[in-house]
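Engineer: Got a structure for you, written out below as structure tokens; questions coming shortly.
What follows is calculated from the coordinates using simple rules that are stated; it is not laboratory data. Computed from a predicted structure; not experimentally measured. Backbone-built Cβ (ideal geometry, glycine too); neighbour counts: all protein chains shown.
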Amino acid sequence: MVIAITGLNANDNPGPGVAVARALKQALGHDLRIVALCYEALEPGIYMPDLIDVAYLIPYPGAGIADLKERIQYIHQRENINIVIPNFDSELYNFIKITPWLQDLGINALLPSHKQLAERDKENLADFGKKYGFVIPSDHKIHTLADLDKAIEELCFPLVIKGKFYEAEICYTRDTALKAFHHFNARWGLPVIAQQFIKGTEINIAGLGDGKGNAISIIPMRKLYITDKGKAWAGVTIEGAELLELARRFVAATKWPGGFELEVMRDADGKLFILEINPRFPAWVYLTAGAGQNQPAALVKMIMGEEITPFGDYAVGKMFVRYSWDELVDLADFQQFSAFGQLSLDKVIV
Amino acid sequence: MIFGLDHKMNIKKNIAMSENGFIFNPATGDSFSANRMASFILAALRSGKSEAEIKTDIIENYEVNPEQVNRDWDDYVIQLRAANLLEA
């Protein structure tokens, strides 16, 4: 089986690709060939021969659908891809758009519709909460400085300034809010989101929906060590019927197909606020395999048409601790990928 | 009675405790390291012993007076509540 994945940027703000590859290799063994689709020559996953078999450069989402199709067609002619698993929020629009075309080529995927993708977007999260009955912190869409001042007046400090696709910063003064607004505008575009700050315990839930309203897997995780970018550097699976119920309600309400992550804040009264809904697996998704519910592998089985029974129990108290690792790379391999946009990992000599 | 009212305190049933004093709350993901005395008290509470019984055990086995035990006990209970380890 040949599976193409994206999100190989295993840096301090990691994409889920390396974790997805690891989970798939563990479940599907050596019959599996992983094709890494990368945006930059320094994405670490390109140079991980134990997980990745071959890597290709693909155009940034902003290049448009025609360029993406042309590149995937080229890759497919060489690799005969069976399944593609996109792992970035920002590329999903294009991949959803070309799903019928991919199917004609024989490449399968399980992705949300554009409507499902848009509904849970940060811009629309408050409306999403009202529509489906979820508790969402108040927010404001910020296009101008006047919008920012209005948000500050209504939300008060501290508040959370968030980029359209990624990143967030807790701000305690107008100066820091202004700086964050400009930073996220430059990096991810408008609107920037200002969200009410909720004090409490942050819990993340990795889930997998079958597209019919059933949750195949739900794994809640408490962050134990958080980087300055707010990313989990260590975490532990936790129990909680109310967390499982929240995720089940999300899947039932949206009929979500594929992987997702709920970012949840539990306040002192035990109330659960949904801070974000990510439309793909989280970077810590390998923990789901460790906890007994290998979500990427289950996704592949679903895509291949297997009847999947929802998982039951999972291991509570299973931890992950992320670490940095200096992968040694031959300059010739870096040159090969930089110049030609592809690299067979069989040739990588460490 | 040396200790006045004998309050009944229950450690949450889902709390995991190891013999070496490591405590894990699976509902929150919090973990704690308890020293020998803290572990002894937690194990005693879990076994169903009352506050008075535990305090008596401590006085019989350690060189400490009842007033000191009462003060330390109150501090300890505050910590247990803050750590979300006691039933409401």
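Engineer: Between A:GLU123 and B:ASN70, how high is the FRET efficiency from 1/(1 + (r/R0)^6) when r is the Cβ-Cβ distance and R₀ = 51 Å? Nearest 0.05.
Structural biologist: Values: r = 57 Å, r/R0 = 1.12.
Taking R0 as 51 Å, the efficiency between A:GLU123 and B:ASN70 is 0.35.
Engineer: Among the aspartates and glutamates, select those whose C-alpha is under 15 Å from the C-alpha of A:LYS318, and discard any that sit fewer than 8 residues away in the same chain.
Structural biologist: Of all the aspartates and glutamates, those that pass the test against A:LYS318 - Cα under 15 Å, at least 8 places apart if same chain - are A:GLU239, B:ASP30.
Engineer: Let me ask something else. Over chain B, what number does the Rg to Rh ratio reach, with both radii from the alpha-carbon atoms and Rh per Kirkwood?
Structural biologist: Working: Rg = 12.8 Å, Rh = 13.5 Å.
Taking Rg over the Kirkwood Rh, I get 0.95.
Engineer: Just to check, using Stokes-Einstein with a Kirkwood Rh over alpha carbon pairs, what's the diffusion coefficient of the range A:199-321 at 10 °C and 1.306 mPa s in µm²/s?
Structural biologist: 111 µm²/s
Engineer: Go ahead and set up a Gaussian network model of chain A, Cα springs under 10 Å, then flag whichever of A:ASP139, A:ASP31, A:ASP147 fluctuates most.
Structural biologist: Comparing A:ASP139, A:ASP31, A:ASP147 in a Gaussian network model of chain A, the most mobile one is A:ASP31.
Engineer: For a quick check of your reading of the filter: which chymotrypsin sites (Phe, Trp or Tyr not before Pro) in the range B:3-88 sit in a DSSP loop and have no more than 13 other Cβ atoms within 10 Å?
Structural biologist: Values: sites: B:PHE3, B:PHE22, B:PHE24, B:PHE32, B:PHE40, B:TYR62, B:TRP73, B:TYR76; in loops: B:PHE3, B:TYR62.
Answer in residue order: B:TYR62.
Engineer: Can I ask one more? The range B:10-85: which trypsin sites (Lys or Arg not before Pro) are DSSP loop and have at most 11 other beta-carbon atoms within 10 angstrom?
Structural biologist: Of the trypsin sites (Lys or Arg not before Pro), the ones in loops of the range B:10-85 whose Cβ has at most 11 other Cβ atoms within 10 Å are B:LYS13.
Engineer: For A:LYS69, go through the aspartates and glutamates and keep the ones whose alpha-carbon is under 16 Å away, minus same-chain ones fewer than eight residues off.
Structural biologist: Reachable aspartates and glutamates: A:GLU79, A:GLU91, A:ASP104.
Engineer: Write out the GluC sites (Glu not before Pro) in the range A:24-101 meeting two conditions: DSSP loop, and at most 10 other Cβ atoms within 10 Å of their Cβ. Walk me through the numbers on the way to the answer.
Structural biologist: Values: sites: A:GLU40, A:GLU70, A:GLU79, A:GLU91; in loops: A:GLU40.
Qualifying residues, ordered by number: none.
Engineer: Let me ask you something else. Just how large is the dipole of the protein assembly as shown about the Cα centre, in debye to the nearest 20, putting +1 at every Lys and Arg Cβ and -1 at every Asp and Glu Cβ? Intermediate values should be presented prior to the final figure.
Structural biologist: Details: 44 positive and 56 negative charges, 187 e Å.
It comes to approximately 900 debye.
Engineer: Per residue of A:234-240, count partner chain C-beta atoms within 10 Å of its C-beta, then hand back the mean as an integer.
Structural biologist: Working: counts 0, 1, 6, 2, 7, 6, 4.
That works out to 4 on average.
Engineer: Across bins of 20 angstrom width beginning at 0, how are the C-alpha pair distances of chain A distributed, in whole percent?
Structural biologist: Cα pair-distance distribution for chain A, in percent: 30, 59, 11.
Engineer: Just rank A:GLU239, A:GLU169, fewest to most, by other beta-carbon atoms within 10 angstrom.
Structural biologist: Details: A:GLU239 17, A:GLU169 20.
Sorted ascending by nearby Cβ count, the order is A:GLU239, A:GLU169.
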